[in-house]
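Here's the structure, in structure tokens; my notes come after.
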Amino acid sequence: MARRSPTLEGFKAIFRLPSLGLAEIAWRWSFGLAITALLGFSFREYLSTLPVTAGEMFLLRTRQPGLMFQALARIFQGSAPRVVSATIVLTLTLTLAWIVVASLGRAAALKALFEYFHESKPRSWRFASLMGLNFFRAVALFAALISYVGAMLLAGSASSASDPSPGLALLIFWTLALFISLAWSTLNWFLSLAAIFVVGDRKTTFEALGAAVKLCRTHRGPIAAVATWFGIAHAVAFMGATSAAAFPLGLAEVLPAAMVLGGLLLVALLYFAVADFLYVGRLAAFVFVSELPEVQPAILNHQSLEDDILSDVPGLPQTAGA
């Protein structure tokens, strides 16, 4: 009996369940639009609270950079506490909203995928466990952002006014940023993968995270193949989007600015849509891998691991004379 490829099953799921990709687009884009609108309204309300005198308006209308900067400095003077308060409130509320919405969206997608691969096996899930995973994803993101600020400060300390070394400072920052990004992306990837076991096996947050680590250890070949092939597909989509964006940019001198911006926006939306569909396909492939029989690492030799990675099928038997 021929074995089924998890990567191929993931790509099949994109075409057989297009509603999942559309649902992913719906909740992601709706939440992004809500955030944009909320930030826009908040910024507008903040500006409406700033007192502007007739003298400051006169300085702004002069269109002289020095005078305009002086007027803006007077207008925004003393408003920093309100900015900090509004930022804290918006960050906390939007983070909580994202945790809830992302948990619901991920649960719906995973339940549909499990029922797609096993029609007679409906799944239940723990909402609190999913929220826990997404909470740790948010914490990891905030920790990464704080780490980036720390990397900037540390890099800046390597270059002083008496002994300027901008090249060294830039090298230190990008090196630290690379390690921070790698650590954050790895942790975020495992937290995203763990959601499969919350919906599939009703595990708690930490049990699901442990199951995700175990899955990567016992099915290294299929997991690596799925990540590689979908990563290549994503890279191709990104290169196609950047190439398509060159057309409206190349016609910027002969087309109105609104048409150029509209073309760039259209290209960006198409790219994000393809990326969301690929994300659903990769998630489907990981769900399929999670249902495969467990392969103990102790019985895997070097050649069988190579077969797993190249063929995307776990546990292929060795053929004589290979």
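The values are calculated or read from the model by the stated rules, or taken from the named source; none is laboratory data. All values reported here derive from a predicted model rather than from experimental measurement. As a convention, Cβ positions derive from the backbone with ideal geometry for all residues, glycine included, and neighbour counts pool all protein chains shown.
Under 6 Å by Cβ, and 6 or more places apart or on different chains, what pairs join a residue from region 185-208 that is modelled with pLDDT of 90 or more with one that is among the hydroxyl-bearing types (S, T, Y) and assigned to a helix (DSSP H, G or I)? Filtered contacts from region 185-208: I196/S290; V198/S129; T204/S129; T205/S129.
Annotation note: Cβ proximity below 7 Å between a residue of region 80-104 that is in contact (Cβ under 8 Å) with a residue 40 or more places away in the chain and more than 24 Å from R126 (Cβ to Cβ) and a residue that is exposed (fewer than 12 other Cβ atoms within 10 Å of the Cβ) and of a type in the set (G, A, S) (sequence gap 6+ or interchain) occurs for no pair. Restrict the check to region 80-91 and report whether at least one residue is under 22 Å from the mean Cα position of the chain (by Cα), surrounded by 14 or more Cβ atoms within 10 Å (Cβ to Cβ) and at pLDDT 90 or above. No, region 80-91 contains no residue that is under 22 Å from the mean Cα position of the chain (by Cα), surrounded by 14 or more Cβ atoms within 10 Å (Cβ to Cβ) and at pLDDT 90 or above. A235 meets all of the listed conditions (1) buried (at least 17 other Cβ atoms within 10 Å of the Cβ); (2) aliphatic (A, V, I, L, M); (3) within 18 Å of G10 (Cβ to Cβ) but one, namely (1). Of the candidates L38, L50, the single residue that is outside any helix (DSSP H, G or I), in contact (Cβ under 8 Å) with a residue 12 or more places away in the chain and either in contact with a His (Cβ under 9 Å, 6 or more places away or on another chain) or of a type in the set (A, V, I, L, M, F, W, C) (or both) is L50.
Scan region 190-211 for residues that are buried (at least 20 other Cβ atoms within 10 Å of the Cβ) and among the aliphatic types (A, V, I, L, M) and jot them down. Scanning region 190-211 gives L191, L193, A194, A195, I196, V198, V199, A208, L209.
This table checks each residue for (1) of a type in the set (D, E); (2) surrounded by fewer than 16 Cβ atoms within 10 Å (Cβ to Cβ); (3) in contact with a strand residue (DSSP E or B) (Cβ under 7 Å, 6 or more places away or on another chain); (4) at pLDDT below 90.
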{"site": "V213", "(1), (2), (3), (4)": "no, yes, no, no"}
{"site": "A245", "(1), (2), (3), (4)": "no, no, no, yes"}
{"site": "L278", "(1), (2), (3), (4)": "no, no, no, no"}
{"site": "A284", "(1), (2), (3), (4)": "no, no, no, no"}
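The criterion of being surrounded by 14 or more Cβ atoms within 10 Å (Cβ to Cβ) and in contact with a Pro (Cβ under 9 Å, 6 or more places away or on another chain) holds for I75.
A count restricted to region 65-103 and to residues that are in contact with a helix residue (DSSP H, G or I) (Cβ under 9 Å, 6 or more places away or on another chain) and either on the phi > 0 side of the Ramachandran plot or not in a helix (DSSP H, G or I) (or both) stands at 1.
Can you pull out the residues in region 135-147 that are touching a residue at least 12 places away in the same chain (Cβ under 8 Å) and over 17 Å from the mean Cα position of the chain (by Cα)? Across region 135-147, the qualifying residue is only S147.
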